[in-house]
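Trainee: Below you'll find the structure I mean.
The values are calculated or read from the model by the stated rules, or taken from the named source; none is laboratory data. Here the structure is a predicted model, which means the values were calculated and not measured. Every residue, glycine as well, gets a Cβ built from its backbone with ideal geometry; the counts of neighbours run over all protein chains shown.
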Amino acid sequence: MDKYPMTAPGLAKLEEEIKRLKHEERPAIIKAIEEARAHGDLSENAEYHAAKERQSFIEGRILEVDDLIARAEVIDPSQLSGDTVLFGATVVVADEDTDEETTYRIVGSHEGDIDAGLLSVTAPLARALIGKSVGDSVEVKTPKGEKFYEIVKVEFK
């Protein structure tokens, strides 16, 4: 059974989602199915089929999130230190072409949100950064070609 590394906020977000799915979404879809059934002939009832499809999606997502929570390995970045990039690190990188600096926090694969600066541990940039230190240069293959970044700063907070 593989463990999924994640941060405490990432686990809390999954726990909120499972609570919402089980206590809000599931009862609402059961009610919608009951209402659709009351309309009569199920073979031609689009509302019923849509509700059943939604129910299938919700139940699948519940199974998926339950599994993620069961296999979560919460890592507290504040307990780590050093200048080597590890899971949970907040990393400042500079694009070697433009000298533009960007800050990312390396998080679990299900927590990634590039717009919020949360870089999934499975992202190509994160994989290139992990194990490297301040001052190192990394090469990342992107759809637009190879990009080079220099690690400017590594923090654990």
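Trainee: Farther than 30 Å from Leu21 by Cα, in a loop (DSSP other than H, G, I, E, B) and without any contact (Cβ under 8 Å) to a residue 60 or more places away in the chain, is that true of Gly135?
Mentor: Yes, satisfied.
Trainee: Checking the condition in the same structural domain as Glu150 (by TED's automatic domain parsing) and among the acidic types (Asp, Glu), which residue from Asp67, Asp83 passes?
Mentor: One residue alone meets the criteria, Asp83.
Trainee: Name the strands (runs of 3 or more DSSP E) wholly inside the stretch 88-130 in which the number of residues that are touching a residue at least 24 places away in the same chain (Cβ under 8 Å) and charged (D, E, K, R) is 1 or more.
Mentor: So the answer is 90-95, 101-107.
Trainee: Something else about it: Could you tell me which of the residues Ile69, Ile75, Ile18 is in contact with a strand residue (DSSP E or B) (Cβ under 7 Å, 6 or more places away or on another chain), closer than 30 Å to Leu125 by Cβ and either loosely packed, with under 14 Cβ neighbours inside 10 Å or of a type in the set (A, V, I, L, M) (or both)? Reasoning before the result, please.
Mentor: Details: Ile69 fails: in contact with a strand residue (DSSP E or B) (Cβ under 7 Å, 6 or more places away or on another chain); Ile18 fails: in contact with a strand residue (DSSP E or B) (Cβ under 7 Å, 6 or more places away or on another chain).
Of the residues listed, the single one that is in contact with a strand residue (DSSP E or B) (Cβ under 7 Å, 6 or more places away or on another chain), closer than 30 Å to Leu125 by Cβ and either loosely packed, with under 14 Cβ neighbours inside 10 Å or of a type in the set (A, V, I, L, M) (or both) is Ile75.
Trainee: Taking the stretch 47-66 as the search range and keeping residues that are charged (D, E, K, R) and under 22 Å from Glu17 (Cα atoms), which one is surrounded by the fewest Cβ atoms within 10 Å (Cβ to Cβ)? Step through it out loud before you land on a result.
Mentor: Filtering the stretch 47-66 for residues charged (D, E, K, R) gives 47, 52-54, 59, 61, 64, 66.
So of that shortlist, the ones also under 22 Å from Glu17 (Cα atoms) come out as 52-54, 59, 61, 64, 66.
On the way: Lys52: 16, Glu53: 11, Arg54: 15, Glu59: 14, Arg61: 14, Glu64: 14, Asp66: 14.
Step by step, filter the stretch 47-66, then rank; the result is Glu53.
Trainee: Here's something else I'd like to know. For the condition part of a helix (DSSP H, G or I), in contact (Cβ under 8 Å) with a residue 12 or more places away in the chain, of a type in the set (A, V, I, L, M, F, W, C) and out of contact with any Lys or Arg (no Cβ under 9 Å at 6 or more places or on another chain), what is the one hit in Ile58, Ile29, Ile33, Ile69?
Mentor: None of the other options fit; the residue is Ile69.
Trainee: Condition first: in contact with a Pro (Cβ under 8 Å, 6 or more places away or on another chain) and either surrounded by fewer than 15 Cβ atoms within 10 Å (Cβ to Cβ) or not acidic (Asp, Glu) (or both). Can you find one or more residues in the stretch 117-132 that meet it?
Mentor: Within the stretch 117-132 (the criterion being in contact with a Pro (Cβ under 8 Å, 6 or more places away or on another chain) and either surrounded by fewer than 15 Cβ atoms within 10 Å (Cβ to Cβ) or not acidic (Asp, Glu) (or both)), the answer is yes, since at least one residue qualifies.
Trainee: On to the next question. Return yes when Leu63 is at pLDDT 95 or above, among the aliphatic types (A, V, I, L, M) and over 20 Å from Ala8 (Cα atoms) and no when it is not.
Mentor: Yes; evaluated as a whole, the condition is true for this residue.
Trainee: Search the stretch 21-42 for residues being basic (Lys, Arg) and more than 30 Å from Ser120 (Cβ to Cβ), and hand back the single one that is modelled with the lowest pLDDT.
Mentor: Step one: filter the stretch 21-42 for residues basic (Lys, Arg), giving 22, 26, 31, 37.
In the following step, the residues that additionally are more than 30 Å from Ser120 (Cβ to Cβ) were identified as 31, 37.
Details: Lys31: 94, Arg37: 85.
Ranking the qualifying residues of the stretch 21-42, first place goes to Arg37.
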